[in-house]
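A short worksheet on the structure shown next.
What follows draws every value from the coordinates through simple rules; no lab data is involved. These numbers were taken from a predicted model, which means no experiment stands behind them. Counting neighbours? That spans all protein chains shown, and the Cβs are built from the backbone with ideal geometry, glycine included.
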């Protein structure tokens, strides 16, 4: 049985990169790889085992399953959180790099991605899906 | 539930699902085809029929969860009805005692 | 009125619509209702412990917006900064407007979700004015 | 005060803030003799002795400064927290500066006094003393299965289930009813509850009130027959308890049982329901595969 891959979007609220990373994560988990991936929430890693349904589940899951973080900017918040509370990250996707690789696509804003933004989110999502397949091949 | 849910095999409290007459009945006088019930039900009990006078029918009645009446709650014109729960409980008890 | 600002920290909820209401609220306040008096910060950056951000928060007013009882924004800010001046729950605004059921989809958010975010944004903006006019501390 | 409580101050003896933290703890156990004092040094060195007390009680944590040693001591444990006290924040709130000398001056004493009184006041106001029907539900043994990142728990004994994922916990001729961990997970964040009217007579499998989330509205389908003698009014303010603690704090209604021994025949015990629940989860997974 293939192990599920944890997707942790940086979901930073301040930057366009955050909105894109969140959108891409949802496309992967809902459309491209619904059976092989699950979304984990970055702040929950630190919020830890607050209530019973707290982040303890994020930490435990990330210890036993491969994880891919989607970073909206160079701060790499998700990667750092996962490595601090659970363990090494299997792969990291840099949204800002993909944006640079597609100058023709100009997302509208962090509030509203617009057509170009959604297309970019699709491209990022495909990149993640490819990584998921690679991870499953390695298993 | 999709094809993988096979009413033949399914049981409820040990009684074959096919033996329990539990599903919604649509009162087509009241029903305004708002489709709220179909939107609510996660078990594909209802189905849309294009171009028919009765645009909504109960297609997979055995997908319906016994004793669950929540779709009737979402029905504004109150057009959905279910069998009497006490009769159904009696029927289940009778079946179980006969097949102990 | 102090030149200070109100920093809004919405939670990064990604799986449910409650997170989106928090972000949408923050954008409305920062872009419209309290234009020069409010700003927002990425919660993952605070979780990561970015010094500049934490220092900036300390000198200003901090408003957390959370989407579920785990309160990752509130708890992580208390952990890393030690103070939250006002906390909001998007679930409260949903409870107060039972007729406005938020749509479950997130990209893009539905009309009810936008409406709820506007209502919450008004409350948050009002609170920021209160905090910045030191009404709260004077009592 | 029926819920056990303990207090854990930090052990900062090199700063007045730490001394204030300790003084608050000492004042608390004076004002509230039932409260246990947890020694941070002993907890740090060998904490078997504290194992039971910590497990059964909620804790008041008092940190003297930003290093937060008391919080760190408790952080790794899945400990129920009643209140976190951060002395610098309190000093700002009460506008009293404890000064720097380690022998607490008059201000330091006053600050410690004010903080302990506030904690006691909050204690009294919290559910511990309120005469809301605080159901004394002890710890319970449970089966557990993890699916992706969600835990699904089922108590091993004294709870009985119907196939609509609702439970009954009989106790003499009365019983509590509620929803299972599986059902609360499937419905997700519960926002509103419609509690039944006290005094209503119900038959087994009747619907007894309902609970709404953004996703759906569901009725609680009663596993047993009887008369409603009380309802969990706290759920009006805290519907999320049904999600966080579905078998205890999230209880829904209390009934006076009518013929439970007959109802019982149509119910499953903990192990039976755990098996049934696992089958439902696998069926749902297969279905998801089918759909993709």
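The value for chain C of Rg(Cα) / (2.2 N^0.38 Å) is 1.00.
Take every Cα pair under 8 Å whose residues are at least 6 apart in sequence, average their separation, divide by the length of region A:56-139, and the relative contact order is 24 percent.
Applying 1/(1 + (r/R0)^6) with R0 = 60 Å to the Cβ-Cβ distance of residue D:210 and residue A:63 gives a FRET efficiency near 0.95. Taking other C-beta atoms within 10 angstrom as a stand-in for reagent exposure, D:63, D:269 fall in the order D:269, D:63, fewest first. Full extension of the segment from residue D:14 to residue D:42, taken as 0.36 nm per residue of separation minus the current Cα-Cα distance, would add 8.2 nm. Listed from fewest to most Cβ neighbours within 10 Å, the set D:20, D:193, B:58, A:5 follows the order B:58, D:193, A:5, D:20. Size descriptors for region A:5-138: radius of gyration and Dmax over Cα atoms are 14.2, 46 Å.
Structural descriptor for chain C: relative contact order 32 percent, calculated from alpha carbon pairs under 8 angstrom and at least 6 residues apart. The share of Cα pairs per 10 Å bin across the protein assembly as shown, counted from zero up to the longest distance, runs 3, 13, 22, 25, 21, 12, 4, 1, 0 percent. Extending 7 Å from the Cα toward the beta-carbon at both residue B:97 and residue D:95 defines two label points whose distance is 7.7 nm. Here region B:11-98 is treated as a sphere whose radius is the Kirkwood value from Cα pairs; by Stokes-Einstein at 25 °C and 0.890 mPa s it diffuses with a coefficient of 177 µm²/s.
What FRET efficiency, computed as 1/(1 + (r/R0)^6) with R0 = 56 Å and r the Cβ-Cβ distance, is obtained for residue A:133 and residue C:31, rounded to the nearest 0.05? Efficiency at R0 = 56 Å is approximately 0.90.
State the antiparallel share, in %, of DSSP beta bridges confined to region D:5-125, rounding to the nearest 5. Taking every DSSP beta bridge within region D:5-125, about 0 percent pair in antiparallel fashion. So what's the gap between the Cα centers of region A:90-139 and region B:27-93, to the nearest angstrom? Using only Cα atoms to place each centre, the spacing works out to 43 Å.
When DSSP beta bridges are restricted to pairs lying wholly in the protein assembly as shown, around 55% turn out antiparallel.
Starting from the Cα of residue A:109, move 7 Å in the Cα-to-Cβ direction to define the label point; list residues of region C:111-125 whose amide nitrogen is under 15 Å from there. Residues C:118 fall inside that zone.
Note on residue D:192 and residue D:55: their simple-model spin labels are 4.2 nm apart, each label 7 Å out from Cα toward Cβ.
Each Cα pair under 8 Å and six or more residues apart adds its sequence gap; the mean of these over the residue count of chain D is a relative contact order of 14 percent. Note on region D:5-125: Kirkwood radius taken over Cα pairs, Stokes-Einstein applied at 25 °C and 0.890 mPa s, translational D equal to 172 µm² s⁻¹.
Mind sorting B:89, D:282, D:200 by how few other Cβ atoms lie within 10 Å of their own Cβ, fewest first?
Result, fewest neighbours first: D:282, D:200, B:89.
The simple Förster model, with R0 at 45 Å and r as the Cβ-Cβ distance, assigns residue B:34 and residue D:140 a FRET efficiency of 0.55. Region D:3-73 and region D:203-244 have Cα centres separated by 38 Å.
Extending 7 Å from the Cα toward the beta-carbon at both residue D:75 and residue B:59 defines two label points whose distance is 5.4 nm.
Reported value for chain D: 166 Å³ per residue, from the convex hull of its C-alpha atoms. Antiparallel beta bridges, as assigned by DSSP with both residues in chain C, represent about 0 percent of the total such bridges.
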